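The values are calculated or read from the model by the stated rules, or taken from the named source; none is laboratory data. As the structure is a prediction and not an experimental result, all values here were calculated from the model. Neighbour counts are summed over all protein chains in view; Cβ atoms, including those assigned to glycine, are modelled from backbone coordinates with ideal geometry.
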Amino acid sequence: MRSDTIAAIATAFSEAGIGIIRVSGEDAFGIVDRIFLGKKDFPAFFRWKEEGSPEGKEFQKTYILERAKTYTLHYGYIYDGEKIIDEVLISVMRAPGSYTAENVAEINCHGGILILQKIMELVVKNGARVAEPGEFTKRAFLNGRMDLSEAEAVMDLIQSKNEFALEASVNQLKGSVSSIIKELRSRIIYEIAFIESALDDPENYDTDGYGERLSSVLYEIDEKAEELIRHADDGRILKEGIQTVIIGKPNAGKSSFLNELLGEEKAIVTDIAGTTRDALEENIRLGGISLHMIDTAGIRKTEDTVEKIGVEKARKYAKEADLIVYIVDSSVDLDESDEEILEILKDKHFIVLLNKSDLDMAVTENQIKEKLKDFSDYEVIRISALQHEGIEEFEETVRRMFFGGKVSFNNEVIITSMRHKEALLEARESFCMVRRSIEDGMSEDFYSIDLMNAYAALGRIIGEEVGDDLVNEIFEKFCMGK
Ligand SMILES: Nc1nc2c(ncn2[C@@H]2O[C@H](COP(=O)(O)OP(=O)(O)OP(=O)(O)O)[C@@H](O)[C@H]2O)c(=O)[nH]1
Ligand SMILES: [Mg+2]
């Protein structure tokens, strides 16, 4: 166990009903005891304060937290010299049964910022160090209370921007990613151990047809890894919001639509074609989903230098988008600018909004669908940004497109971190190499090098290094060396 004791204000820095200071480390109880008066002591303390002791001695008190049982709650006061600071409840959680797996004392005090800071100062004055951000969770990891992916989930949980992201983090925290990764790793290590043992003791291990057997095991493992990667993008969408880019020709009503979603006049709207020149980014929440929305310059051929740059920007954003909202001014005929936009839509998820439904219709739904006959993954909705029509249908459509009608992510395992995704990709590459070695009829020791790589790559997800555990596994499973 680490020897120094850390402390931090664990609750929000705002006026709240209660505030909590968390103290963790070997000396957590000792430190808090020094500034705490328990039930037994405070009548005597108040008498001593009023009357003083006859010999003028310091106030004598009992130190109850040091001896307190784990998972107990203690009522009393925090004091500084003769001064009472606050009335508090202290929870005692002894190592290893605490969040950090160390001794943890939590001071539940009244929520004022000044009180919290004052008590924090006292805790530090009595021997604790101010914790670094995330240090409690880091200790939980270092002390083996959680693995790396679980620790990351705690961070995600705190930063969750919406309820789906929250669900995903809770799932990861519960260890769903870890348990899959662990399972994959244990299957890999089994094969490595088999190969090592067979090389060492060829008489007792039969390697006939082993290549085929290994191939089919790898096939299954690889499929699982692929599935996790497939969900990685969903995970990012959940965390960061759906990258949504609004495109259309000038004057279609793109900025009006953004303003409509925002509920305020953020973007400049005029009847002059080419009003928006630079991209404007806003975060929007639609029924629990975050959209990162970008309004762009209307797409058309132009000789204006500034507008040209704006149009290029619009194309670039569209290329990187998760979702494109293509706004069509349905009161004017389609033209060559719309043709250009169709090119941009290739291979993208998109929603076509036939805007200005309050005006006479020049573009019908069928007309646009005819234009889009080579596309599959899209929806067409009639709206009027001016009259607030069709907005709800847009919301529902976004939900449907991303969540298959209802949120089904909750019970699935989602990899939310790029680090995980990269590790998974690396593991898959190694599987591919092993397969190639098998096909090329290479000897078994070639397989184990790539299997080790895959094992190590997956291990990085849960923060484990190869090393001792590999050696132990080999001995445990196969009693090599006899
Ligand atoms: N009648 C009607 N007018 C609309 C509607 N939506 C937008 N407009 C008008 O169309 C004009 C252009 O709107 P903008 O939102 O600036 O269009 P834009 O697509 O952002 O245009 P650029 O920034 O120039 O590319 C404005 O005069 C809006 O008031 C609608 O649903 N109905
Ligand atoms: Mg605009």
Worksheet entry | Single residue of segment 395-414 satisfying the filter (in contact with a helix residue (DSSP H, G or I) (Cβ under 8 Å, 6 or more places away or on another chain) and at pLDDT 55 or above) that is nearest to Gln243 (Cα to Cα) | Phe402
Practice prompt. Kindly indicate whether any position in segment 51-61 is among the aromatic types (Phe, Trp, Tyr) and either at pLDDT 85 or above or under 28 Å from Phe136 (Cβ atoms) (or both).
Written response: no
Item to complete: Write out, first by first residue and then by second, each pair whose Cβ atoms fall under 6 Å of each other, whose residues are 6+ apart or on separate chains, and whose first residue, in segment 440-463, is free of Cβ contacts under 8 Å to residues at least 40 places away in the same chain while the second is crowded, with 19+ Cβ neighbours inside 10 Å and β-branched (Val, Ile, Thr).
Response: Asp450/Val434
Worksheet item: Quick check: anything in segment 169-188 within 16 Å of ligand 1 (Cβ to nearest atom) and at pLDDT 90 or above?
Response: no
Discussion item. If I ask for residues that are part of a loop (DSSP other than H, G, I, E, B) and crowded, with 19+ Cβ neighbours inside 10 Å, which ones from segment 364-388 would you list?
Written reply: Ile383, Ala385
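Yes or no, residue by residue, for (1) of a type in the set (A, V, I, L, M); (2) away from ligand 1 (no atom under 13 Å from the Cβ); (3) not assigned by TED's automatic domain parsing to the domain that holds Arg400:
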residue	(1), (2), (3)
Arg285	no, yes, no
Ile309	yes, yes, no
Val328	yes, no, no
Lys348	no, yes, no
Ser357	no, no, no
Asn366	no, yes, no
Worksheet item: If you go through segment 189-230, how many residues are modelled with pLDDT of 90 or more and not in a helix (DSSP H, G or I)?
Response: 0
Worksheet entry | Any chance Gly253 is in the same structural domain as Asp335 (by TED's automatic domain parsing), touching a residue at least 60 places away in the same chain (Cβ under 8 Å) and over 18 Å from Arg399 (Cα atoms) | yes
